[in-house]
1. For region 103-118, does any single residue satisfy the condition of being surrounded by 15 or more Cβ atoms within 10 Å (Cβ to Cβ) and free of Cβ contacts under 8 Å to residues at least 24 places away in the same chain?
2. Does residue 27 satisfy the condition of being surrounded by 11 or more Cβ atoms within 10 Å (Cβ to Cβ), touching a strand residue (DSSP E or B) at 6+ places or on another chain (Cβ under 6 Å) and not basic (Lys, Arg)?
3. Any residue in region 2-9 that is surrounded by 13 or more Cβ atoms within 10 Å (Cβ to Cβ) and either part of a helix (DSSP H, G or I) or of a type in the set (Phe, Trp, Tyr) (or both)?
4. Under 9 Å by Cβ, and 6 or more places apart or on different chains, what pairs join a residue from region 9-33 that is touching a residue at least 24 places away in the same chain (Cβ under 8 Å) with one that is in a strand (DSSP E or B)?
5. Quick check on my filter: what residues within region 10-24 are surrounded by 14 or more Cβ atoms within 10 Å (Cβ to Cβ) and among the hydroxyl-bearing types (Ser, Thr, Tyr)?
6. Out of all the residues in region 23-33, is one or more under 28 Å from residue 91 (Cβ atoms), part of a helix (DSSP H, G or I) and at pLDDT below 90?
7. Can you report the number of residues in region 84-103 which are out of contact with any Asp or Glu (no Cβ under 9 Å at 6 or more places or on another chain) and farther than 10 Å from residue 115 by Cα?
8. Being buried (at least 17 other Cβ atoms within 10 Å of the Cβ) and assigned to a loop (DSSP other than H, G, I, E, B) narrows it down to one of 128, 66, so name that one.
Amino acid sequence: MNAAASIKGAIEHLNGQYAQTGRSFRIEQVAGGYRVMTLPVFADAMARLHASRAKTTLSQAALETLAILAYKQPITRAHLEAIRGVACGEVLRTLIDRKLVTIAGRAEELGRPMLYATTKRFLETFGLATLKDLPSVEELRAREAKAAPDGESGGK
């Protein structure tokens with residue numbers, strides 16, 4: 001048995017023990033590593049506990065920008081602004097300061113504008129192992145349709 005399989009087996013064993021003993025946490029694969037995570041059933045309690053951590057809260061504009069960036073990266077600021085329809089400079093600076101976004105290089109186009117991408121901290125913050133764990137567009141549309149009140153359609 002190789003080391004990776006051995007580690008995965010040990011984690012599965014531990015998670016089984018945690019479940020049997022009613023623990024509030026389990027080990028999850030996140031951002032290419034492992035992290036002890038609180039079970040979703042305790043999310044409300046954890047949210048209240050960490051409510052005072054305003055530093056981690058993001059504005060609607062920041063969340064929209066991050067969503068576009070996550071799906072379209074690497075992306076230039078101009079392309080990001082064309083999608084959002086508003087200037088994103090301040091939001092990008094905030095996301096870079098919080099280490100959720102990084103400059104990933106320069107585009108091969110006139111002026112060689114900077115390309116932006118999400119970081120490992122983005123994955124950790126949103127509990128993702130890789131960007132492939134982001135929901136697909138179809139999944140998002142299905143969730144939106146399910147959440148929409150009767151008679152309203154989220155898709156166009």
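The values are calculated or read from the model by the stated rules, or taken from the named source; none is laboratory data. A quick note: this is a predicted structure, and the numbers were derived from the prediction, not measured. For neighbour counting, all protein chains shown are included, and Cβ atoms are generated from backbone atoms with ideal geometry for every residue, glycine included.
1. So far as region 103-118 goes, no, none of its residues is surrounded by 15 or more Cβ atoms within 10 Å (Cβ to Cβ) and free of Cβ contacts under 8 Å to residues at least 24 places away in the same chain.
2. Criteria met by residue 27.
3. yes
4. These pairs meet every condition: 28/34; 28/35; 28/36; 28/37; 29/35; 30/37.
5. 18
6. Checked region 23-33: no residue is under 28 Å from residue 91 (Cβ atoms), part of a helix (DSSP H, G or I) and at pLDDT below 90.
7. Number of matching residues: 13.
8. After ruling out the rest, the residue left standing is 128.
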